[in-house]
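Colleague: Just dropping this structure here.
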């Protein structure tokens, strides 16, 4: 049936996300899912109890647009303890309906038609489409194919009078790398005395391994003054389906972000906000995440030790990359499909994180899974 009002697509080259496609294939083939950055194990029962208590107490209506004051205050206290930065809860912190909403609201508020936005590939798949929806141009700079590090000379060459924003992501999805002191120094130097905004996706802020420090933009005053930081309660508390996150930014930036947020969500879910107030009161609820996920990383790495894969260093996040070019010349997409069909393990091809589908012969594995799944997944992949 033809429609007289058929739409003219704003994203004609964008289809269903790779995460949906792989998830559906994994279900069809009953494959173990090592593809998604969402835990398959339960959250702390105390968190569920806190949300249920809030519901029974009648906390089921709209929260304040910027978020419940007590939660914004708890976030401010946490950030001050970890980074030394002091964000004002009243106008520099906003509770958002997921980190994804925070990213969209921030780009939509601060990027205009004709602007350019630098980001780094491989990249989380929402960045470039959101930029394009503003009538702006995403400028992709590829991370080095060996260690997946930022080429800051390439960033310097890409800067132009139209550069409005640089999007960074640390710990990085999908490469599991983290920014270091040298990266911070170059980013500071390149943005000094400019009008460039830094959008820092820090959803894995509490998942950094081997004693490394999370280089949040909040730790560096010259960067904090021009940065919007987006983070996720869902990632930190194993409740990705609750869809609650937060944004930090100087007041003049946050004022614009809230203008968009109020028309996208108005307010994040009320009972979940109350639950996170209780959770943040115990700093162990997030400070133990690095050790928790490092053990899972190491378990999966040990399970794959006798496989033919070349495992890349995982410095943070829920992910690990694995090269397979040493034993297969298949495209990464074909290889992933074969793993699902023939081996019963779902992963993600790294090419899905590039606008031009660059194929390095690498797949992404998620270790946000229970130990039994990781061990069985490793066993199956050792048969490849």
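Colleague: Going through the range 135-161 one residue at a time, which ones are without any contact (Cβ under 8 Å) to a residue 40 or more places away in the chain, surrounded by 14 or more Cβ atoms within 10 Å (Cβ to Cβ) and over 23 Å from residue 352 (Cβ atoms)?
Modeller: Within the range 135-161, 152, 155 meet the criteria.
Colleague: For residue 307, indicate whether it is loosely packed, with under 15 Cβ neighbours inside 10 Å, in the same structural domain as residue 33 (by TED's automatic domain parsing) and in contact with a helix residue (DSSP H, G or I) (Cβ under 8 Å, 6 or more places away or on another chain).
Modeller: Numbers: loosely packed, with under 15 Cβ neighbours inside 10 Å: no; in the same structural domain as residue 33 (by TED's automatic domain parsing): yes; in contact with a helix residue (DSSP H, G or I) (Cβ under 8 Å, 6 or more places away or on another chain): yes.
Spelling it out, it is not the case that residue 307 is loosely packed, with under 15 Cβ neighbours inside 10 Å, in the same structural domain as residue 33 (by TED's automatic domain parsing) and in contact with a helix residue (DSSP H, G or I) (Cβ under 8 Å, 6 or more places away or on another chain).
Colleague: Counting only residues that are surrounded by fewer than 16 Cβ atoms within 10 Å (Cβ to Cβ) and under 18 Å from the mean Cα position of the chain (by Cα), which one in the range 1-22 is farthest from residue 371 (Cα to Cα)?
Modeller: That would be 17.
Colleague: If you don't mind, there's one more thing I want to ask. Check 375, 381 and return the single one that is over 24 Å from the mean Cα position of the chain (by Cα), at negative phi and either free of Cβ contacts under 8 Å to residues at least 40 places away in the same chain or buried (at least 24 other Cβ atoms within 10 Å of the Cβ) (or both).
Modeller: Numbers: 375 fails: either free of Cβ contacts under 8 Å to residues at least 40 places away in the same chain or buried (at least 24 other Cβ atoms within 10 Å of the Cβ) (or both).
Unique residue meeting the criteria: 381.
Colleague: Within the range 23-45, how many residues are under 21 Å from residue 286 (Cα atoms) and either exposed (fewer than 13 other Cβ atoms within 10 Å of the Cβ) or free of Cβ contacts under 8 Å to residues at least 24 places away in the same chain (or both)?
Modeller: The total comes to 3.
Colleague: Select from the range 298-339 the residues that are in contact with a strand residue (DSSP E or B) (Cβ under 6 Å, 6 or more places away or on another chain), touching a residue at least 40 places away in the same chain (Cβ under 8 Å) and in a helix (DSSP H, G or I) and list them in ascending order.
Modeller: Residues satisfying the conditions are 336, 339.
Colleague: Of the residues 73, 116, 121, which is over 21 Å from the mean Cα position of the chain (by Cα), at pLDDT 95 or above and in the same structural domain as residue 225 (by TED's automatic domain parsing)? Working first, answer last.
Modeller: Details: 73 fails: in the same structural domain as residue 225 (by TED's automatic domain parsing); 121 fails: over 21 Å from the mean Cα position of the chain (by Cα).
Within the list 73, 116, 121, the selection yields 116.
Colleague: Do we have any residue at all in the range 140-150 that's more than 21 Å from the chain's Cα centre (by Cα), farther than 21 Å from residue 18 by Cα and in the same structural domain as residue 231 (by TED's automatic domain parsing)?
Modeller: Within the range 140-150, the subset more than 21 Å from the chain's Cα centre (by Cα) is 146.
So of that shortlist, the ones also farther than 21 Å from residue 18 by Cα come out as 146.
Pick out the ones that are also in the same structural domain as residue 231 (by TED's automatic domain parsing) and you get 146.
Yes, some residue in the range 140-150 is more than 21 Å from the chain's Cα centre (by Cα), farther than 21 Å from residue 18 by Cα and in the same structural domain as residue 231 (by TED's automatic domain parsing).
Colleague: Taking the condition of being in contact (Cβ under 8 Å) with a residue 60 or more places away in the chain and either surrounded by fewer than 19 Cβ atoms within 10 Å (Cβ to Cβ) or under 20 Å from the mean Cα position of the chain (by Cα) (or both), how many residues in the range 86-99 meet it?
Modeller: Of all residues in the range 86-99, those in contact (Cβ under 8 Å) with a residue 60 or more places away in the chain come to 87-88, 91-99.
Next, from what is left, pick out any that are either surrounded by fewer than 19 Cβ atoms within 10 Å (Cβ to Cβ) or under 20 Å from the mean Cα position of the chain (by Cα) (or both): 88, 91, 93-99.
Residues meeting the conditions: 9.
The values are calculated or read from the model by the stated rules, or taken from the named source; none is laboratory data. If you're wondering where the values come from, they're calculated on a predicted model, not measured in any experiment. Note that we place each Cβ from the backbone using ideal geometry, even for glycine, and neighbour counts take in every protein chain shown.
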